[in-house]
Amino acid sequence: MARVLINVPATAKRGSVIQIKTLISHVMEPGFRPGPDGKIIPRDIITLMTCKYNGEEVFRADMFPAVAANPFVTFHTIATESGKLEFAWTGDNGFTETASANITVE
Amino acid sequence: MTAARRIFHILHAASLPACAAAICILSLAAAPLRAGDIPLNQRQSGYDTMGRDTRAMQDDDTANPATLWLLDGEALWSKKEGAAGKACADCHTDAATSMKGVAARYPAFNTKQNKPLDIEGRINNCRTEHQQAQPLPFENKDLLALTAYVARQSRGMAIAPPPENMQPVVDQGRAIFEKRQGQLNLSCAQCHDDNWGRKLAGSAIPQGHPNGYPLYRLEWQSVGSLQRRLRNCLIGMRAEGYALGSPEYVALEAFLMWRARGMKMESPAVRP
């Protein structure tokens, strides 16, 4: 299980731009590096991250082997209404992780 | 290098045997500041010289990737281990109170084992003695997580000067710090005492204080221990590193903590 840290403002003004920060623990093994035995370590990366705001997708990112370990992704969206932000990550070897955060819009 | 520091350096090199004898006598009382040592009021953390973005990462716990290790460490703290079926929390209860200030005064002398132990060594000592579990190998993720969790409880506290019984260890550490070694024939002191603030290729040379360990190094893409950092420097000097967990590293750690006494703990920090 991967560790996840989500930083979403608990409250925001309607129509304001909010910053969302996400951090997830993952090795992001690029698949090009030889291990101690000389054999290539197989690729093991997160390939997709999405964020849904009350069911509507507001952010999506494809990831590739050049992304560093423990990807730290920040993005902005507009606070439209109170509700839930749902995050999902999927990757190699059947990797999946989800997290969510609530926001109150005034 | 300023003119004054250069002169100090020449004096230092010229009268090394005499100087060493004088230090041996003086160090019985308290290790004094020597020519070439960084004056206490000029010391700076690696934090002070790193870039704005890296500082922002360290300042915000939700942006600092070492927090992921802290979460693991917190879970491990109350996980029962070994034949004794005890967790750290069973003896030490709440880490926020029991571990406060511990990392700021380690490495410390363990009278039972009659040798100095750093935090990693102390955790493994607890594992074998009280939990009756296998010691964790160095740089193991669980050991780093526990060490980071323990060190986190001392964040913001001043590094405590080591007690009297650590003086021989501190002196041994200083001797290693000032010894030229490796194919490049360099000592730690030549960079971190004499040339801090200047550049080595494109990188700033820091003073080399241990106040943020274990820390997340962007180059490692992971949390690493102070011993890993020391081995890293030795490899850069093309010297043969000591085995992780060896007394030489513990002595170096003890000297570096003495050298950084009074500075604020930042563990777990972020460094480039």
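The values are calculated or read from the model by the stated rules, or taken from the named source; none is laboratory data. All values derive from a computational prediction rather than experimental measurement. Because the Cβ atoms are built from the backbone with ideal geometry, glycine has one as well, and the counts that use them run over all protein chains shown. These area figures cover heavy atoms from the full protein model, side chains too; ligands, DNA and RNA do not enter into them. Shrake-Rupley method; radii C 1.70, N 1.55, O 1.52, S 1.80 Å.
Key figures for this structure:
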| item | result |
| --- | --- |
| Cα gyration tensor category, rounded, prolate or oblate, for the range B:66-152 with a/c compared to 1.5 | rounded |
| Per residue solvent-accessible surface (Å²) - the range B:66-152, probe of 1.4 Å | 46 |
| Local electrostatic count at B:A103 - Lys and Arg +1, Asp and Glu -1, tallied over other residues with Cβ under 15 Å | +3 |
| Interface area, A with B, accessible, probe 1.4 Å, both sides summed, Å² nearest 100 | 1100 |
| Accessible surface of the range A:4-105, 1.4 Å probe, proportion on carbon and sulfur as whole % | 53 |
| Local electrostatic count at A:K21 - Lys and Arg +1, Asp and Glu -1, tallied over other residues with Cβ under 12 Å | -2 |
| Helix-only [θ]222 nm of chain B, DSSP H runs n ≥ 4, -39500 (n - 2.57) each, per residue, nearest 500 | -12000 deg cm²/dmol |
| Close Lys-Lys pairs in the range B:66-152, where close means Cα under 22 Å and separation is 8 or more or interchain | 7 |
| Accessible area of chain B belonging to carbon and sulfur atoms, whole % at 1.4 Å probe | 57 |
| Shielding of A:5-12 by partner chains, average beta-carbon count, 10 Å | 2 |
| Set of aspartates and glutamates with alpha-carbon distance to A:K84 below 19 Å, sequence-local pairs under 8 removed | A:E56, A:E57, A:E97, A:E106 |
